[in-house]
1. Pick out which of Ser62, Ser157, Ser20 has the largest mean-square fluctuation in a Gaussian network model of the chain, springs linking Cα atoms closer than 10 Å.
2. Any idea which of Leu159, Leu42, Ser131 is furthest toward the positive side of the dipole for the chain, if Lys and Arg beta-carbons carry +1 and Asp and Glu beta-carbons -1?
3. For Ala161, what charge total do you get from the other residues with a beta carbon under 12 Å from its beta carbon, if Lys and Arg give +1 and Asp and Glu give -1?
4. Only four residue types carry charge here, +1 at the Cβ of Lys and Arg and -1 at the Cβ of Asp and Glu. Report the dipole size of the chain about the Cα centre in Debye, rounded to the nearest 20.
5. Could you work out the local net charge near Val26, counting Lys and Arg as +1, Asp and Glu as -1, over the other residues with Cβ closer than 11 Å to its Cβ?
6. How much of the DSSP bridge set in the chain is antiparallel, in percent, rounded to the nearest 5?
7. Based on the Kirkwood radius over alpha-carbon pairs, what is the Stokes-Einstein translational diffusion coefficient of region 44-163 at 10 °C with 1.306 mPa s viscosity, in µm²/s?
8. Bin width 5 Å, alpha-carbon pairs only: give the P(r) of region 117-180 as whole percents, running from 0 to the bin holding the largest distance.
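Just so it is clear, none of the values below were taken in a lab; they were calculated from the coordinates. Quick caveat, the model's predicted, so the values are computed rather than measured. Ideal geometry is used to build each Cβ from the backbone, glycine not excepted, and the neighbour counts take in all protein chains shown.
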Amino acid sequence: MLTHLVSSSRFSTKAATSKSFDVAVVGAGAIGCSIASFLLELDSSLSVAIIERDPSYKIASSVLSVGSIRQQFSVPVNVEISQFGVDFIKNLSSNRNGDVQFDQGGYLFLAGKSGEDQLRENVALQNRLGSEVNHLGGGEELKRCYPWLNTDDIVESSLGASGTEGWFDPYLLTHALKKK
């Protein structure tokens with residue numbers, strides 16, 4: 001049973017008067033609602049309370065964030081978390097919980113001479129882990145793709161493939177997770 005305990009009585013429920021719960025989650029933003037949802041998927045018999053001080057979400061960090069996701073990291077666990085996150089956002093958008101307006105444009109990473117080896121290593125790691133990251137190189141090759149970009153000091157670049165990185169509406173994500 002999911003129970004929201006919030007400062008506003010319009011969100012309170014009969015069960016919110018209970019004095020004990022199996023789990024209390026502090027914060028009903030994207031992370032708090034995700035935690036509650038996954039806990040209930042694991043064990044639907046749990047009583048879960050979500051405690052939120054701002055039910056209007058006017059000052060909530062989840063809805064005020066930039067709302068982006070990428071897979072271009074240098075640490076394997078961060079790549080894997082983002083792979084899960086992209087799939088989660090796509091699945092959330094495709095079911096009845098609501099579209100979060102995921103713009104799957106990818107991220108362009110640029111490196112000068114001092115970062116070229118690191119960027120190459122990162123792209124190799126990301127692709128080894130199953131991410132679709134394209135190595136674009138630098139200079140003239142990059143200029144052909146992005147004619148407006150000053151590439152004078154760029155020696156390496158990478159771009160997450162369409163569908164693997166991008167931006168979403170954090171307000172819609174938070175409310176979709178709350179609904180879920």
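1. Ser20
2. Working it through, the farthest residue towards the positive pole turns out to be Leu42.
3. Its environment carries a net charge of -1.
4. With Lys and Arg at +1 and Asp and Glu at -1, about 980 debye.
5. Net charge around Val26: 0.
6. 50 percent
7. 94 µm²/s
8. Values per bin, smallest distances first: 4, 15, 18, 15, 15, 11, 9, 7, 4, 1.
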